[in-house]
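Reviewing the structure listed below.
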Amino acid sequence: GVGMDVVMTNLKKWNGEVIINNSPGQGLSVGLRLPITNTLLTKEAIMLRVGESIFCLPLEYVSEIVTVPNDSIHHHKDQAVFRHRDMVISVINIRELLGLGFSDYSERLEAKGDSRAFIILQDKNESRQSIMADEILGQQKIVIKEFELETFRKLPYFSGLTLLGDGRVVLILDSEKILTV
């Protein structure tokens, strides 16, 4: 009845179908069919920590990961930059962008350690910018889950979420939106 109608409506949104077989005297069987492309969207991603938070960053926009000595990071017009392979790479202040503390990178650069890890992002126009991570946790394949609630879809710098093997939910950074900052 009503419950099956809800199931059918949602399956149609994902190009799926409900298969019902009724055999008198033998019972009723209900099957659900979903295209694999809609059920599991997987990507390779870099896992990174910024402050106390862990995020995923899909590899499609990652050009490379570099470690830069603190004395090679300079400020030009309130923008942190560093030179890498004869290019000046600007630093997107991901902490400030996401509201995670440290008002600017100079405070972070004064923190312990003599170098910082940067993820260099490349957009479709071949321009390069970077974000600084407190720690690169590694690379892994993630299953992407899009936000179901409209409220979450309005989050400006995230494309979805993933569930880690230990049960933690991790937000996926949207590189394309971050690069337009």
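The values are calculated or read from the model by the stated rules, or taken from the named source; none is laboratory data. Since the model is a prediction, treat every value here as computed from it, not as a measurement. With ideal geometry, Cβ positions are generated from the backbone for all residues, glycine too; neighbour counts draw on all protein chains shown. Only protein heavy atoms, including side chains, enter the accessible area calculation; ligands, DNA and RNA are left aside. Shrake-Rupley method; radii C 1.70, N 1.55, O 1.52, S 1.80 Å.
Brief remarks on what is shown
- Positions within the range 157-174 being β-branched (Val, Ile, Thr) and in contact (Cβ under 8 Å) with a residue 40 or more places away in the chain, in sequence order: Thr162, Val170, Ile172
- Lone qualifier among Ile65, Ile73 - being under 28 Å from the mean Cα position of the chain (by Cα) and modelled with pLDDT of 90 or more: Ile65
- Counting the residues of the range 19-34 that are charged (D, E, K, R) and over 16 Å from Met4 (Cα atoms) gives 0.
- Residue in the range 34-46 that is closer than 15 Å to Ser130 by Cα, of a type in the set (A, V, I, L, M) and at pLDDT 90 or above present: yes
- Taking (1) out of contact with any strand residue (DSSP E or B) (no Cβ under 8 Å at 6 or more places or on another chain); (2) of a type outside the set (A, V, I, L, M, F, W, C); (3) not in a helix (DSSP H, G or I) in turn, Glu96 satisfies each apart from (3).
- Inspection of the range 72-89 identifies no residue that is touching a residue at least 60 places away in the same chain (Cβ under 8 Å), touching a Ser or Thr at 6+ places or on another chain (Cβ under 8 Å) and surrounded by 17 or more Cβ atoms within 10 Å (Cβ to Cβ).
- Counting the residues of the range 110-131 that are open to solvent by 30 Å² or more (accessible area, probe 1.4 Å), under 18 Å from Asp71 (Cα atoms) and either touching a strand residue (DSSP E or B) at 6+ places or on another chain (Cβ under 8 Å) or at pLDDT 85 or above (or both) gives 2.
- Evaluation of Lys124 against (1) assigned to a strand (DSSP E or B); (2) under 26 Å from Phe82 (Cα atoms) (one fails), failing number: (1)
- Scan of the range 132-181 for residues that are in a helix (DSSP H, G or I) and either aromatic (Phe, Trp, Tyr) or open to solvent by 70 Å² or more (accessible area, probe 1.4 Å) (or both), ordered by number: Glu150, Thr151, Phe152, Arg153, Glu176, Lys177
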